[in-house]
Amino acid sequence: QDKFDLYEVAGGAGAKKTYFLSSAKWPSYVVGFKATTGTALSPFGAYAVDLKDKVSVLDTWGPSSVMLKVCSLGPRSSFPGGVQVGAELSAGGGAVWAYVHSGSYLVYGAVTSPGEGGIWV
């Protein structure tokens, strides 16, 4: 699965824009970020989250985990047209930014700038 759709989430006046990044093949699945809890070298990972399961009592995904921010890289960037994708950690707690590190095809999350591995074109 390598194709995704980006949907803007409706917000109040003056609210920061947030988005769902949805699978084109499985539209009820969106990208979410969660701590890897020691199962990987990176502190966070990107996961597929089924929005149909969001009503379950057992659901542990909070809204900030799946409502993403997308930052466009300007024309002066080495990667014009590229974007960075991330999620808020908590209110005022910074962000987790998606990236792929060398030697892996999995997407992880970094709390610092992820560098070139975090630029999506």
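The values are calculated or read from the model by the stated rules, or taken from the named source; none is laboratory data. Bear in mind the structure is a predicted one, so any value in this text is a computation, not a measurement. Every residue, glycine among them, receives a Cβ derived from its backbone with ideal geometry; neighbour counts consider all protein chains shown. Side chains are part of the model used for accessible areas, which takes the heavy atoms of the whole protein and leaves out ligands, DNA and RNA. Shrake-Rupley method; radii C 1.70, N 1.55, O 1.52, S 1.80 Å.
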Area accessible to solvent at residue 112, 1.4 Å probe radius, in Å²: 90 Å²
Sorted by accessible area (1.4 Å probe), largest first, how do 5, 50 line up? 5, 50
Leaving ligands, DNA and RNA out of it, rank 64, 102, 42, 28 by accessible area with a 1.4 Å probe, largest first. 102, 64, 28, 42
Have a look at 73, 89, 41 and tell me which one the Gaussian network model of the chain (Cα, springs below 10 Å) gives the largest fluctuation. 41
Net charge near residue 88 (other residues with Cβ under 11 Å of its Cβ; Lys, Arg +1; Asp, Glu -1) is +2
Calculate the translational D of the chain in whole µm² s⁻¹ from Stokes-Einstein, where the hydrodynamic radius comes from the Kirkwood formula applied to all Cα pairs, the temperature is 10 °C and the viscosity 1.306 mPa s. 105 µm²/s
Rounded to the nearest 500, what is the 222 nm mean residue ellipticity of the chain from helices alone, with -39500 (n - 2.57) per DSSP H run of 4+ residues and division by all residues? -500 deg cm²/dmol
Select from 105, 29, 47 the residue whose mean-square fluctuation is largest in a Gaussian network model of the chain (Cα-Cα springs shorter than 10 Å). 105
